[in-house]
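Chemist: Below you'll find the structure I mean.
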């Protein structure tokens with residue numbers, strides 16, 4: 001049975017560096033035998049179907065190797081199945097329907113993160129900005145957007161993210177990826 005997945009590429013097409021044209025990315029992924037490859041935006045979101053038994057981690061390794069071979073530089077990837085993405089959207093602790101997409105973000109992590117990692121962070125000092133942890137995800141409410149968020153800056157400090165691969169998507173992108181990874185009849 002084919003499962004729909006999203007590949008979340010980290011740190012590409014930012015400021016003219018580490019360029020990964022989406023048409024080329026689709027070709028690379030299709031070359032791996034993945035089905036129905038689509039990309040969304042220019043920021044490294046790809047959706048595909050696979051019946052691989054390797055699962056998310058096996059697909060991640062395969063994608064990272066193929067991308068590095070084709071483009072000549074390493075790119076961290078996270079691969080997440082459609083059911084996981086739906087569960088992340090459904091578990092959002094903030095009133096997503098009442099917020100603008102630029103106010104709500106999800107950082108997807110390579111592994112589960114516990115509250116202890118962020119215990120030294122004085123959350124009250126960043127109000128009205130807030131964050132909550134989920135399943136391999138961090139939800140960030142930033143009313144002025146990510147670019148102006150002091151909390152996002154603090155959360156991204158190397159001491160807090162050491163040993164993790166993380167990549168952030170705004171709520172509009174999360175919702176679109178849920179839609180694109182729905183199982184097809």
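Taken together, the values in this text are just the output of simple stated rules run on the coordinates, not laboratory data. Bear in mind the structure is a predicted one, so any value in this text is a computation, not a measurement.
Chemist: Any chance you could get the radius of gyration and Dmax over the Cα atoms of the range 3-82, in Å?
Modeler: For the range 3-82, the Cα radius of gyration and maximum Cα-Cα distance read 11.4, 37 Å.
Chemist: Working from Cα positions, state the angle (0 to 90°, nearest 10) between the long axis of helix 171-180 and the longest principal axis of the chain.
Modeler: 30
Chemist: Could you work out the relative contact order of the chain? I mean the mean sequence separation of Cα pairs under 8 Å and 6+ apart, divided by the number of residues, in percent.
Modeler: Working: 289 pairs, mean separation 45.9, N = 185.
Worked out over the chain, it gives 25 percent.
Chemist: Report relative contact order for the range 85-180 in percent, whole number only (criteria: Cα-Cα under 8 Å, sequence separation at least 6).
Modeler: For the range 85-180, the relative contact order is 42 percent.
Chemist: Here is a further query. What's the percent breakdown of Cα-Cα distances in the range 85-180 across 5 Å bins, shortest bin first?
Modeler: The distribution over the range 85-180 is 3, 13, 27, 27, 19, 10, 2, 0, given as percents.
Chemist: Right, something else. Provide Rg and Dmax in Å for the chain, with only Cα atoms included in the calculation.
Modeler: 16.4, 49
Chemist: Something else now. Can you show me the helix-derived [θ] at 222 nm for the chain, built from DSSP H runs with n ≥ 4 at -39,500 (n - 2.57) apiece and divided by the number of residues, rounded to the nearest 500. Please report the intermediate quantities before stating the final value.
Modeler: Details: 6 runs with 56 residues, N = 185.
Computed ellipticity for the chain at 222 nm equals -8500 deg cm²/dmol.
Chemist: Another question, if that's okay. What is the angle, in °, between the Cα long axis of helix 55-71 and the longest principal axis of the Cα atoms in the chain? Nearest 10 is fine, range 0 to 90.
Modeler: 70
Chemist: Continuing with the same structure: On the first, second and third principal axes, largest extent first, how far apart are the outermost C-alpha atoms of the range 49-91 in Å?
Modeler: Answer, in whole Å and largest first: 37, 21, 14 Å.
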